[in-house]
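Report on the structure given below.
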Amino acid sequence: MKQSDRTLPPGVSAADFDSALQKFKDVVGGDNVLIDSDHLAPYTKLMMAGHDRDYIPSAALLATRTEQVQAIVKICNEYGVPIWPISTGKNLGYGSAAPGETGQVMLDLRNMDQIIDVDPEVCTALIEPGVTYQKLYDYIQEAGYKLWLDPPAPSAIAGPVGNTLDRGVGYTPYGEHFMFQCGMEVVLPNGEVVRTGMGGIPNSTSWQVFKWGYGPYIDGLFTQSNYGIVTKMGLWLMPAPPAYRPFLIQYPDPEDIEEIVEIMRPLRISQVIPNAVVIAHTLWDVASHKPRSDFYDGDGTIPREAIDKIKSDEGIGEWNIYAALYGTPEQIEVNWNIIQQAFSKSGKAKIFHGEAAEKASGSFGYRAALMKGEMNLQEFGLYNWRGGGGSMWFAPVSQAKGKETRDQTDLAQEILGKYGFDYVAEYIVGWRDMHHIIDLLYDRQDPEEKERAHACFAELIGEFEKRGYGIYRTNIEFMDRAAQSFGEPLRNIHRTIKDALDPNGIIAPGKSGIRGSV
Amino acid sequence: MTLSRRELLKHGLALGSLAPFAVGLAAGEPTAPLMARRVAVYGPERASRALRQGFSRAGWQSTFAGRLNVLELARSRPGYWIAGFADDAELVLLTSLAAGRGRIVALGRHAPQAHSVRSWKTNSPVSFQESNPRDWRRDLGGLYAALADHTPLSPHADTRPGQRVVAAPRDAREHSFLIRV
Ligand SMILES: Cc1cc2nc3c(=O)[nH]c(=O)nc-3n(C[C@H](O)[C@H](O)[C@H](O)COP(=O)(O)OP(=O)(O)OC[C@H]3O[C@@H](n4cnc5c(N)ncnc54)[C@H](O)[C@@H]3O)c2cc1C
């Protein structure tokens, strides 16, 4: 590479960067400091509609120990080099493994992958950032523990630490990941190490079982943030239930979403249905295993007639609910009756479980796998729906109220339609909230379409915000814009904390729109 | 990765098993030879055969590795050359798998008579034109062999002067790759 082609951290001279790189090599070894463009290429693969040139790392470092992370952070402070930490680096559709800004150094913790402890009695784990769901799953299987994980859809290749730190979700009763996290070890921007919760007590026996510790609870400060680098995390694991019944409910019409949510809310809040339920729209349901061209070849938003044809050809609903029951067979039977009664009242729902559900939907198998914490990659099929490698998750939060859900659906469909994109969406039902997950799929190779996708995403944020709807997470291109929605007072607090903990602004500047004052 | 319902069941994906995208390789089997100038070629059989011909004309040995098996690749030892064809979903998985453990040497997008190939060694587009529509995969194999042979490349070594750089084809569904994992 010519010297002039080099990407440098902002405000850092080539000579200083070379000195920093040499020091990084002294810490992690030469093979673990990546600077060649073919080595860095995977850290530049974007799916969002931003300019490639805005997200080019200057280097990537592969660390394996907490002490190395501490030493790296000190070097970064010395030279003013910003670093973007990733754990397993599969934040696909939210920024992948790319830095938040060009010139940042990736701190890739994928090789820091020790499973430090799994306790089958209290059902907890303590792991490092590079541990994938697959690795933890295999470990548990080999040990013969009766414990379940809660992976997000990219399961095998993603990891609990990175996913939880971005406040991701899965599909078992432990679906809201941050709720089931317990204790962290964090390298602070000044290189000090802090253990949260009960972890500060030498030889603590309760680090992974009691979240709150003593005094202000700070774990949340290290999620969706840039206040530290998490090097260990505790999480709670679900005991495998004696029985499990995944099921499918299909509703035929667009307006049925109101009825579904009104029936679902009390069942979720009372825990009759305990898991993070999915209500998938026709297009998401089919896109996981079939391309759009099987049904429609035109440009622009897929028309209503084509959606209706998909529904009849595939035998699926406008809305397809995937949920599950867990417990003893007797408990399941009782709750199954409650659910059948609740959903049968209007006569619109078709209810399936077992083989009938398998036959009714090409997605049931993978949904049933995820709802019991098994590894599965079928959802990557979404990328073949339109092709072209463009994907951005637009993920507003909705109350679990039918009217609101209908409003969000209509609004999203209207805006996506205006820009010629498809409503490929699902709702993930929490206890009282729902994550409305829309995959804005577009052809990233087509500059015009990319621009259009960008404009569409911006309009989605703006119009949703006007109606009081905010997003739970976003990609690196839109982090500042999303932060704006939540108002200046909150941003001021974020900045004040950043200044106090990271005065040189070296950890992930721009993450969640947070930067220091300097 | 457009698997039918039956294929999904056959491959265990629909049942949520650990079976990955392809069942061409047994678990733990090395996915490609470690020796230099040997490459494992993935993708549909016919397309892969043509790509392999290109490699072998350039003096490379190749093995047909079946459909991309990303989970299996993730477990393989480092140091292998892999090349082949992928769909959009497989490409996302493959490129993100390469982070921290591989070099993406080249990626291509292909539609009839429109090819765009990018070298990540030099961070630049590579000229590639099919000599005739039937043989472009074989030509591509030759180009990929040359790119691999010239690693590390000089900035000019992988561009063939005088040839037109083609813009990324719209609606290209066929993606090619050359990666050192
Ligand atoms: C088809 C598909 C389906 C998906 N489904 C889901 C889903 O069901 N649920 C879901 O939640 N997501 C989903 N995603 C999005 C994403 O792939 C997952 O959230 C994935 O788990 C994130 O990647 P990761 O676990 O490797 O985290 P990483 O990429 O390692 O981390 C994510 C971010 O967290 C921060 N971070 C990571 N590690 C550290 C650290 N050690 N210290 C400080 N900060 C850190 C960084 O900002 C980083 O960018 C899906 C993606 C695809 C492509």
message = Show the residue pairs meeting these rules: Cβ distance below 8 Å; 6+ apart or different chains; first residue within region B:106-123 and closer than 17 Å to A:Asp446 by Cα; second residue open to solvent by 30 Å² or more (accessible area, probe 1.4 Å) and assigned to a strand (DSSP E or B).
response = B:Leu107/B:Arg118; B:Gly108/B:Arg118; B:Arg109/B:Glu174; B:His110/B:Glu174; B:Ala111/B:Glu174; B:Ser116/B:Pro125; B:Val117/B:Pro125; B:Arg118/B:Pro125
query = Looking at (1) facing chain B (nearest Cβ under 9 Å); (2) surrounded by 21 or more Cβ atoms within 10 Å (Cβ to Cβ), can you tell me which one A:Ala349 breaks?
reply = (1)
task = Collect the residues in region A:310-326 that are in contact (Cβ under 8 Å) with a residue 12 or more places away in the chain and either part of a helix (DSSP H, G or I) or open to solvent by 10 Å² or more (accessible area, probe 1.4 Å) (or both), keeping them in residue-number order.
result = A:Ile310, A:Lys311, A:Asp313, A:Glu314, A:Gly315, A:Ile316, A:Tyr326
inquiry  = Considering only residues that are hydrophobic (A, V, I, L, M, F, W, C) and either in a strand (DSSP E or B) or at pLDDT 95 or above (or both), which ones fall in region B:18-43?
reply    = B:Val39, B:Ala40, B:Val41
task = Output the number of the condition that A:Gly50 fails; it satisfies all remaining conditions of (1) in contact (Cβ under 8 Å) with a residue 40 or more places away in the chain; (2) within 27 Å of the chain's Cα centre (by Cα); (3) open to solvent by 20 Å² or more (accessible area, probe 1.4 Å); (4) farther than 18 Å from A:Ile507 by Cα.
result = (3)
ask   = Looking at region A:121-132, is at least one residue surrounded by fewer than 16 Cβ atoms within 10 Å (Cβ to Cβ) and either within 11 Å of chain B (Cβ to nearest Cβ) or not hydroxyl-bearing (Ser, Thr, Tyr) (or both)?
value = yes
request  = Considering only residues that are part of a helix (DSSP H, G or I) and of a type in the set (Phe, Trp, Tyr), look in region A:40-99 and name the one that is farthest from the other protein chains (Cβ to nearest Cβ).
outcome  = A:Tyr79
query = Looking at this structure, is A:Glu101 touching a strand residue (DSSP E or B) at 6+ places or on another chain (Cβ under 9 Å), open to solvent by 40 Å² or more (accessible area, probe 1.4 Å) and more than 8 Å from the ligand (Cβ to nearest atom)?
reply = yes
task = Please tell me if A:Asn32 is over 24 Å from A:Pro160 (Cα atoms) and either open to solvent by 20 Å² or more (accessible area, probe 1.4 Å) or among the small types (Gly, Ala, Ser) (or both).
result = no
task = Among residues belonging to region A:330-346 that are part of a helix (DSSP H, G or I) and of a type in the set (D, E, K, R), point out the one that is farthest from the other protein chains (Cβ to nearest Cβ).
result = A:Glu330
key: Filter result (in a loop (DSSP other than H, G, I, E, B) and surrounded by 19 or more Cβ atoms within 10 Å (Cβ to Cβ)) within region B:44-87   = B:Trp60, B:Arg67, B:Leu68, B:Asn69, B:Ser76, B:Tyr80, B:Asp87
task = Filter region A:479-518 down to the residues that are hydrophobic (A, V, I, L, M, F, W, C) and touching a residue at least 40 places away in the same chain (Cβ under 8 Å), then identify the one that is farthest from the ligand (Cβ to nearest atom).
result = A:Ile497
Those residues of region A:233-245 which are in a strand (DSSP E or B) and open to solvent by 30 Å² or more (accessible area, probe 1.4 Å), in sequence order = A:Trp236, A:Pro239, A:Tyr244, A:Arg245
query = Counting only residues that are over 25 Å from B:Leu97 (Cβ atoms) and more than 14 Å from chain B (Cβ to nearest Cβ), which one in region A:148-180 is surrounded by the most Cβ atoms within 10 Å (Cβ to Cβ)?
reply = A:Gly175
task = Only residues that are among the aliphatic types (A, V, I, L, M), out of contact with any helix residue (DSSP H, G or I) (no Cβ under 8 Å at 6 or more places or on another chain), assigned to a helix (DSSP H, G or I) and within 27 Å of A:Tyr469 (Cα to Cα): list them for region A:491-518, please.
result = A:Ile493
So A:Val193, is it open to solvent by 30 Å² or more (accessible area, probe 1.4 Å), among the β-branched types (Val, Ile, Thr) and out of contact with any helix residue (DSSP H, G or I) (no Cβ under 7 Å at 6 or more places or on another chain) = no
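This table checks each residue for (1) of a type outside the set (Asp, Glu); (2) away from the ligand (no atom under 13 Å from the Cβ); (3) modelled with pLDDT of 95 or more.
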position	(1), (2), (3)
A:Met47	yes, no, yes
A:Glu67	no, yes, yes
A:Lys74	yes, yes, yes
A:Glu78	no, yes, yes
A:Val81	yes, yes, yes
A:Ile86	yes, no, yes
A:Lys90	yes, no, yes
Matching residues in region A:181-190 - criterion: being over 14 Å from A:Pro85 (Cβ atoms) and either assigned by TED's automatic domain parsing to the domain that holds A:His435 or crowded, with 22+ Cβ neighbours inside 10 Å (or both) = A:Gln181, A:Cys182, A:Gly183
key: Count - residues of region A:134-147 that are away from every other protein chain (no Cβ under 12 Å) and either open to solvent by less than 40 Å² (accessible area, probe 1.4 Å) or of a type in the set (D, E, K, R) (or both)   = 5
task = Hey, could you check region A:219-232 for residues that are touching a strand residue (DSSP E or B) at 6+ places or on another chain (Cβ under 8 Å) and more than 8 Å from the ligand (Cβ to nearest atom) and say which is nearest to A:Pro99 (Cα to Cα)?
result = A:Tyr227
request  = Identify all residues within region A:1-39 that are of a type in the set (A, V, I, L, M) and facing chain B (nearest Cβ under 9 Å); write none if there are none.
outcome  = A:Met1, A:Leu34
key: Given (1) over 26 Å from A:Val334 (Cβ atoms); (2) outside any loop (DSSP other than H, G, I, E, B); (3) touching a residue at least 60 places away in the same chain (Cβ under 8 Å), index of the condition A:Pro254 fails   = (2)
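The values are calculated or read from the model by the stated rules, or taken from the named source; none is laboratory data. The structure presented is a predicted model; accordingly, all values stated were derived computationally and were not measured. Cβ: placed from backbone, ideal geometry, glycine included. Neighbour counts: every protein chain shown. To get the accessible areas, we keep the full protein, side chains included, count just its heavy atoms, and leave off ligands, DNA and RNA. Shrake-Rupley method; radii C 1.70, N 1.55, O 1.52, S 1.80 Å.
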